[in-house]
1. Could you please tell me which pairs satisfy a Cβ distance under 6 Å, a separation of 6+ or placement on different chains, a first residue in segment 8-21 that is assigned by TED's automatic domain parsing to the domain that holds Glu35, and a second residue that is among the polar types (S, T, N, Q) and at pLDDT 90 or above?
2. If I filter segment 9-30 down to residues being among the aliphatic types (A, V, I, L, M) and surrounded by 11 or more Cβ atoms within 10 Å (Cβ to Cβ), which single residue comes out as nearest to Arg52 (Cα to Cα)?
3. Please go through segment 77-108 and give me each residue that is part of a loop (DSSP other than H, G, I, E, B), among the hydroxyl-bearing types (Ser, Thr, Tyr) and at pLDDT 70 or above, ordered by number.
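The values are calculated or read from the model by the stated rules, or taken from the named source; none is laboratory data. These numbers were taken from a predicted model, which means no experiment stands behind them. Don't worry about glycine lacking a Cβ; one is built from the backbone with ideal geometry, like all the others, and counts go over all protein chains shown.
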Amino acid sequence: MTTMKAAHHEISKEKWRKIIKRYNESGLPVKQWCEENQVSTSQYYYWLKVLRQESLIQAGTLAVTGQTQFAEIKPSTEEPQLSHQGVCAVLRSNGNEIEILNGADPSTLEAILKIFRRS
């Protein structure tokens, strides 16, 4: 019995891969494409989710736990040892530290400084 369900599920996945591919090639909004092709939008989104999760699991990038997980980041208590080779400036603010190296890209530096000012 379980084997039949698994086989049916695999057939359905292949069918929906083709349907989603046709949608992606259409360039239309989902709702419009679904209406024009007599496809239920809820079914479309269900199978899109199923196929995306399957792809992520196969790629090894998703642990299906159903819960958000956080990683604790602990600040270092040691004073960092700076290598002054190539460092032209060190910015410190609110416990954050940024070393700017000689030859840093000006547009990247500008973006970093804007973010740093907000902290």
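1. Between residues of segment 8-21 that are assigned by TED's automatic domain parsing to the domain that holds Glu35 and residues that are among the polar types (S, T, N, Q) and at pLDDT 90 or above, there is no close pair.
2. Keep residues of segment 9-30 that are among the aliphatic types (A, V, I, L, M), which gives 11, 19-20, 28, 30.
Among the residues that remain, those that are also surrounded by 11 or more Cβ atoms within 10 Å (Cβ to Cβ) are: 19-20, 28, 30.
Values: Ile19: 14, Ile20: 11, Leu28: 20, Val30: 16 Å.
Taking the candidates together, the pick is Ile20.
3. Looking only at segment 77-108, we keep the residues that are part of a loop (DSSP other than H, G, I, E, B), and these are 77-86, 94-95, 102-105.
Cutting the leftovers down to among the hydroxyl-bearing types (Ser, Thr, Tyr) gives us 77, 83.
Hit for segment 77-108 is Thr77, nothing else.
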